[in-house]
Amino acid sequence: MSKAVSALQGEKHAGFVEVAEAGLRGMVTLRGDLGASKVKKAVKAVTGLPVPAQRRIEIADGKAVAWMSPDELLLMVPYGDAPATVEALQQALAGEHHLVADVSDARAVFTIRGEKAHQVLMKLCPVDMERFEEGEIRRTRAAQVAAAFWKSGPEEFTLVSFRSVAAYVMGLLEVSSRPGSELFE
């Protein structure tokens, strides 16, 4: 069996902020009726977190649950825990209409860190970053590719994209964070 590696093996760039590929992360897509008590109980059992409200993300103890659409969640767990998370969800949701898939190896995760991290995303995403709140997740586009991001710390954002475009996304982040390209002081 081959060893799992992240899309860009931890590539980093330092500009007016630091951008980095964050490494492997377990990610499980869950589709179903997010209001169903069986779904809520299953999510809580595998993550310890509630089903979040629309456009919100719940994060604690190295796990997260992100609202992706009216019938879709993205559960984030340690990379090695993803298969067991899928199995636990399948068992807990037996008889309930649902879809569960391990998408860990289909995604790439990036961090944007620094006082002006929001400016990097302002250049790439059609989102009002001045009103973007902690705990909010946005599923959008970064230039020409699908992405989702959230504020993961006081001066940090986490962005998820498809692994197939990871090098392109890193290039976008690197160019957008080059020294001297800040939007305002």
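Every number here is computed from the coordinates shown, using simple stated rules; none is lab data. Nothing here was measured: the structure is a model prediction, and the numbers come from that model. Cβ placement follows ideal geometry from the backbone for every residue including glycine, while neighbour counts extend to all protein chains displayed.
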Angle, helix 166-176 long axis vs. longest principal axis of the chain, Cα atoms, 0 to 90°, nearest 10? 40
Show that you can apply the helix-only estimate: for the chain, add -39,500 (n - 2.57) for every DSSP H stretch of four or more residues, divide by all residues, and state [θ] at 222 nm to the nearest 500. -6500 deg cm²/dmol
Cα pair distances exceeding 15 angstrom across the stretch 26-104, given as percent: 46
The summed charge of the residue 149 Cβ neighbourhood (under 9 Å; Lys/Arg +1, Asp/Glu -1) stands at +3
Shape box of the stretch 16-170 [Cα atoms, principal axes, largest first, Å]: 50, 28, 28
How far, in degrees from 0 to 90, does helix 37-47 lean away from the longest principal axis of the Cα atoms of the chain, to the nearest 10? 60
By Cβ neighbour count within 10 Å, fewest first, 81, 102 rank 102, 81
Quick one: Karplus J couplings for the stretch 3-16, per residue in order, coefficients 6.51, -1.76, 1.60, θ = phi - 60°, nearest Hz, x for Gly and Pro? 7, 5, 10, 6, 4, 10, 6, x, 3, 9, 9, 10, x, 6
So what is the relative contact order of the chain, in percent, for Cα pairs below 8 Å that sit 6 or more residues apart? 26
Once you keep just the Cα pairs under 8 angstrom separated by 6 or more residues, what percentage relative contact order results for the stretch 52-92? 26
Which order, highest average first, do 140-148, 17-25 follow once you tally other Cβ atoms within 10 Å for each residue and take the mean per peptide? 17-25, 140-148
Gap separating the Cα centres of the stretch 14-63 and the stretch 104-177, nearest whole Å: 16
What relative contact order, as a whole-number percentage, does the stretch 26-104 give when Cα pairs under 8 Å and 6 or more residues apart are counted? 43
Work out the charge dipole of the stretch 26-104 with +1 on the Cβ of Lys and Arg and -1 on the Cβ of Asp and Glu about the Cα centre, then indicate which of 80, 65, 35 is farthest towards its positive end. 35
